[in-house]
Structures are given as structure tokens and as C-alpha cells.
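Each remark here refers to the structure printed beneath this line.
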Amino acid sequence: MSHRQDTQTTSANSAGIIAASVLTTVSSVYPLFLAGALGPELRESIDLSESFFGVVLGGFFMGSALGSVGLGRLGEHLGARRMLALSLLTTASMSTLIAALARSGAVLLVALIVAGVANSGSQTAANKLLSQSIAPAKLGFAIAIKQSGMPGATLLGGLAVPAIALTVGWAWAYAASALLAALALVVVLRHAPDDRPSTPPPKLRTTNANVLSSRPTLVLAACAAGFSAAAAGTLGSWLTSSATDAGWSSGAAGMLLSLGAVSGIGARLTLGWRADRSTRLPMRTAAMFLSLGALGALLLAPRLEWTHAVAAMFAFGAGWSWPALFNYAVVRANPQAAAQATGVTQTGVYIGAFSGPVIMGQVVDRSGYSLGWSLVAASMLAGAAIMFFVAPRFTPALPGAGTTLGR
């Protein structure tokens, strides 16, 4: 095979792996963001209070937090391909269950908790897949594409409101969610290499010598991610409900959510592309954008229709850009144990994303949206401060990934 043919083959393989990772991310978080987008319809159909709806949304991230560390270790043990397949099968099953049987808050809560557990397995295994398959010089952009799956799921959730929920019913939106997970599974099985150990270890180890970042460093990063994710999870879960409260129609609120997600996708891709060409500390750049996102969240506090239009673009574009740079920093510092390292940091993400929607529900019930969005802004600023402090501890271990200059 010629060098040119070999390069084309490698590029095709990389494209397939990136497609598998981003489809996995989209389909794994879609059940949650679909519930957020369908908030007004679900609360009316199933008769859910604002506070219990917050618990339902937070349940997905509670499941993710419970599974993240353990499934990160399991992903190192089984290999990325097998872990992804197991997780996607579970996601498809839970979406089918919601579509067919979720006519009470309890069923919806349980299904989203289980889907959340599956999501934690998908996310850590996708990180492992990229770290072992993508060239270091292109890893930042690859992770940014993968991390764009979350706003991508929000985009689809927003579009599902006028296209499906308001025409044939919200249950069909979850049937489409199951089909999306099945599609992701097909792509994974086609493109992800079989990376299981040739001689499986006799038992699953609780530690991995290939994790280069210290446990305190990973825990501190998890705290930063927790505050940041509390804000991000609340944005994705409550924007449509907030917009309808401010005077928007359900269909228009869903479209607003989709437009906000587009700005988040654009920011993540741009920052990921720049990260591969920059010597700046990725987490410090993430902290700067989080601080800008806090201003966008504050614009949601006034109960005015036009401020929601401006704030959605600003809060999502800046406030949702940090995961691409955050995960890039962790993965490139721990290239041989990306699943286990991100399993620790993602625990913070899920705890924050669980608590954010739950707290928002309680605050909205008692004090309204203005205080709720002010607390979201404060959470972004807290995450930015910790992220700025911990950034120098994640030095690149990948050759060709650049060197940090401490800026």
C-alpha cells in the first residue's frame, strides 16, 4: 500500500472512530436533555411538580455519578468497544421503556437513573477510544467533537418539541431516542477496534499505574467540574421552562434551546481546534470562558422575553465551552488510562449536574427563576476559579501535544 493510500486509510479510520464517539455521546445524554426540552409537556401529561421534575432530571446525573468511577475501571478492563456496546444497549432499552411505559414520575425517574449509569460507561469508554486511536496532535479537536455531543443532544431535544412532541406526542420522541442509540451502536461495532486484553486479568484492579495525575489533583479538578456542570446541567434542563414562564410558546422555547446548543457546539469545536495549536493551559482558557458564561446566565434572571434570546446564545456559547478543554487536559495528561482518570473527574461533573437541576427546581418553586439563574452564575464563577488554580497540574504526557507555558 502506498504512503498516500495508507494516509487515506488512517484518516478514514479516524473519522469513523470520531463519528462513533460523538454519536455515542449524543445518544447517551439525549434521554436527559429530551426530558428537559419536553418539560412543559411532561409535567402536564404526567402531573409533575416543578420540584419533582428537578429530581427527575437530576436522577440521570445521580446514576452517572454512581457509575462513573466503577465503570471507568471496568472500561479499562473490558476495552472501549465492549464497554460502549454494553452502555448503548442499556440506553436504547431505557428510551424504549420511557416511550412505552413512562406514565408516572416514578417510572420516568428510574429509567433516567439507569440511563445515567449507562451514560457514565459511554463517556469514559469514548475518552479511552479517542486517546488510543487519535494522533496526539489532533486529539484536542477530536475530543471537542466528541464533547459537542452534549449540546448536540440539546439541539435535537429542542427540535423534537415542535417536530415530534407537538405533532404526534412526546412518547414518539423517546422512540426516536432509542433508534439513535441503536445507530450509535452500529457505528461503534463497525469502527471501534477490538481492544480487549488478549489475556484478561483475573480480577478488576482498583488502581491503575498508568494514571499519571495524582488523586488529589483529579479530585480538585472534579470539584471544579462539579460547580461548572451544575450550571451547565441547569441551563440545558431549565431553559425551555424558564422561557415559557417569561412568555415564550413551547415551540419557540424549544427552538431557542436548539439555537443555544448551536452556539455551544461552535464554541467547543473552535476551542478544541485552537487547543491543538496553542501552548496555553487548556483549563485556564476554559475558566475564562466560564466567567463570560456567568454573565449570560445573569441575563436570564430578568423575566423578559428578549433577554432570554440574548442570554441563550451567550450562556451556552461561553458557559458550555469548558468540557472540551477540560477533558482534553485530563486525557492528554493520562493517555494510557483515560477511562479511569476521567472516571474520577466525571464524577464531579455528574454530582454537579445532578444537584444543579434539583436545586433549581426547589428555588423556582419557592423564589422563582430570577434567584435560580443568579445562583447558576455564581456556580460558574466558582468552577472557573478552581479550574484556573488546578490547570498547571495537568501537564501533557502525550508526545506532540504541545507544552504548557503556564499562561
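Read the figures in this text as sums done on the coordinates, not as results from a lab. As the structure is a computational prediction, the values presented were derived from the model and not from experiment. A quick note on method: Cβ atoms are made from the backbone with ideal geometry, for glycine too, and the neighbour counts reach across all protein chains shown.
Here are a few things to note about the model shown:
- Charge dipole magnitude, Cβ of K and R +1, D and E -1 - the chain, Cα centre, debye nearest 20: 1300
- Think of the range 275-407 as a dipole: +1 on every Lys or Arg Cβ, -1 on every Asp or Glu Cβ, centred on the Cα centre; then among G293, G361, P392, P392 lies furthest on the positive end.
- Here the 3J(HN,Hα) profile of the range 80-95, calculated from phi with Karplus coefficients 6.51, -1.76 and 1.60 at θ = phi - 60°, is 4, 4, 5, 5, 4, 4, 4, 5, 5, 4, 5, 4, 4, 5, 5, 5 Hz, Gly and Pro shown as x.
- Of the peptides 89-98, 178-187, 271-280, the order by per-residue mean of other Cβ atoms within 10 Å, starting with the highest, comes out as 89-98, 178-187, 271-280.
- Residue-count net charge about T347 - beta-carbon cut-off 14 Å; Lys, Arg +1, Asp, Glu -1: +2
- Checking (i) 1.04; (ii) 0.92; (iii) 0.96 against the coordinates, the calculated Cα Rg over 2.2 N^0.38 Å falls under label (ii).
- Cα-based shape type of the range 231-386, given that a ≥ b ≥ c are square roots of the gyration tensor eigenvalues and the cut on a/c is 1.5: prolate
- Think of the chain as a dipole: +1 on every Lys or Arg Cβ, -1 on every Asp or Glu Cβ, centred on the Cα centre; then among P193, A102, T25, P193 lies furthest on the positive end.
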